[in-house]
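See below for the structure under consideration.
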Amino acid sequence: MLRLRGVSKTFGGLRAVQGVSLEVQPGEILAVIGPNGAGKSTLLNLISGLLSADSGRIEFLGQDLTHAAPEVRAWRGLGRAFQIVQPFPEMSVRENLMVGALYGTPGTSVQAARKVVERVLELSGLAGKAQHPAGELSLLEDKRLELARALATQPKLLLLDEVMAGLRPAEAQDAVRLVRSIRDSGVSVLFIEHLMPVVRALADRVVVLDYGQVIAEGRYAEVAENPKVREAYLGRGA
Ligand SMILES: Nc1ncnc2c1ncn2[C@@H]1O[C@H](COP(=O)(O)OP(=O)(O)OP(=O)(O)O)[C@@H](O)[C@H]1O
Ligand SMILES: [Mg+2]
């Protein structure tokens, strides 16, 4: 459903992403891993449209979105959750999700958006906190809200950048279950993650970036055994 061909991005002289090609299949959970500075977040920003690619092509559901604005990509079904969660703190959890629901699908009626929000509240385990001010949630609930906000935009492919960062292992397991149930609800997932147990538990397939290039791709077990991958991590003490 997502296809990247030779996508590159340079910052000044730094080639952050170099000729990356990859695909996400419908219903798939794809992990993108790699050492610090490998270009993972840049790649996600190129897909979601926060950054514009210098060269290459990004297709989503058969359409060329290489130079489309972020909101156009969101409307087409690319949903994005961020590592740094920035809800509207004085608004309730439900109101924050309404913003996502109304933003994500142009022309949505308030009534239709309410339905989406109630479904997302259930799926994300936040139904009990619907009336709560978003600024007064725990870290775990914050992460759930960020996922829920992205889901409220009704994505077909969800892009996640280290959404588990800072969670304790038991909480991360909870989040793993949540991402699985999101996939089971029909949403594909592309996620960046440093926590290898999470990658092993979630990913159908793993793409490894190093210095902006894909150095390996395959199932977790294959990739973990790959000498190039081991060297990339060991070489930089990660
Ligand atoms: N806006 C920017 N301007 C200049 N350089 C940038 C910018 N964004 C990222 N970079 C550089 O591009 C490279 C890739 O950064 P990126 O954030 O994509 O890596 P990452 O794989 O997400 O790393 P981490 O695991 O630490 O999050 C790094 O060298 C980074 O310093
Ligand atoms: Mg990053």
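The values are calculated or read from the model by the stated rules, or taken from the named source; none is laboratory data. This is a predicted model, so every value here is computed, not measured. Glycine gets a Cβ as well: all are built from the backbone with ideal geometry, and neighbour counts include every protein chain shown. Side chains are part of the model used for accessible areas, which takes the heavy atoms of the whole protein and leaves out ligands, DNA and RNA. Shrake-Rupley method; radii C 1.70, N 1.55, O 1.52, S 1.80 Å.
Which whole-number percentage describes the relative contact order of the chain, with Cα contacts under 8 Å and a sequence gap of 6 or more? Write down the numbers at each step before the final one.
On the way: 459 pairs, mean separation 65.0, N = 238.
Reported relative contact order: 27 percent.
Pull out the extension gain between residue 36 and residue 194, defined as 0.36 nm times the separation in residues minus the alpha carbon to alpha carbon distance; nm, one decimal. Numbers along the way, then the final one.
Details: separation 158, 0.36 × 158 = 56.88 nm, distance 0.91 nm.
Using 0.36 nm per residue and subtracting the Cα-Cα distance, I get 56.0 nm.
What part of the accessible area of the chain, given as a whole %, is carbon or sulfur when the probe is 1.4 angstrom?
52
Just to be sure I follow: if Rg is taken over the C-alpha atoms of segment 8-88 and Rh is the Kirkwood radius over the same atoms, what is Rg/Rh? Please list the in-between numbers first.
Numbers: Rg = 13.1 Å, Rh = 13.8 Å.
Computed over Cα atoms, the ratio is 0.95.
Please list, ordered by chain and number, the residues whose modelled amide H lies under 5 Å from the amide H of residue 216; skip anything fewer than 5 residues away on the same chain.
208
Could you give the accessible area per residue of segment 100-166, probe 1.4 Å, as a whole number in Å²?
44
Residue by residue, what Karplus-based ³J(HN,Hα) values in Hz, rounded to whole numbers, does segment 17-28 have, using 6.51, -1.76 and 1.60 with θ = phi - 60° and x for Gly and Pro?
9, 10, x, 7, 10, 7, 9, 10, 8, x, x, 8
State the number of lysine pairs found in the chain whose Cα atoms come within less than 30 Å, restricting to pairs 8 or more positions apart or on distinct chains.
Close lysine pairs found across the chain: 13.
Label-point separation (nm) for residue 10 and residue 25, each offset 7 Å from Cα along Cα-to-Cβ?
With each label placed 7 Å out from Cα toward Cβ, I get 3.6 nm.
Once the Cα gyration tensor of segment 82-153 is found, what semi-axes does its equivalent ellipsoid get, as square roots of 5 times the eigenvalues, in whole Å, sorted largest first?
Calculated on Cα positions only, the semi-axes equal 18, 12, 11 Å.
Rounded, prolate or oblate, given the Cα gyration tensor of segment 64-120, with a/c below 1.5 counting as rounded?
Oblate, because a/c is 1.5 or more while a/b does not exceed b/c.
Could you please tell me the mean projected area of the C-alpha convex hull for segment 122-238, averaged over all directions and given in square nanometres to one decimal?
On the way: hull surface 33.1 nm².
Convex hull of Cα atoms, orientation-averaged projection: 8.3 nm².
Which residue, 212, 79, 12, tops the fluctuation ranking in a GNM of the chain built on C-alpha contacts under 10 Å?
Taking springs between Cα atoms under 10 Å, the residue moving most is 12.
Show me, for segment 58-69, the HN-Hα J-couplings you get by feeding each phi into the Karplus relation (A = 6.51, B = -1.76, C = 1.60, θ = phi - 60°), rounded to Hz, glycine and proline as x.
Karplus values, whole Hz, x for Gly and Pro: 10, 10, 10, 6, x, 10, 7, 10, 3, 10, 6, 5.
Using only alpha carbon pairs under 8 Å that are at least six residues apart, calculate the relative contact order of segment 108-211 and give it in whole percent.
26
Given q = 0.09, 0.13 Å⁻¹, what are the Debye log10 I(q)/I(0) values for the chain, with equal point scatterers placed on the Cα positions and solvent ignored?
-0.37, -0.77
What is the sum of charges around residue 131, taking Lys and Arg as +1, Asp and Glu as -1, for the other residues whose C-beta is under 12 Å from the C-beta of residue 131?
Summing Lys and Arg as +1 and Asp and Glu as -1 gives 0.
With r as the distance between the Cβ atoms of residue 219 and residue 173 and R0 = 22 Å, compute the FRET efficiency 1/(1 + (r/R0)^6) and round to 0.05.
0.60
So if I take the centroid of the Cα atoms in segment 207-232 and the same for segment 128-156, what is the distance between those two points in Å?
Cα centroid of segment 207-232 versus Cα centroid of segment 128-156: 33 Å apart.
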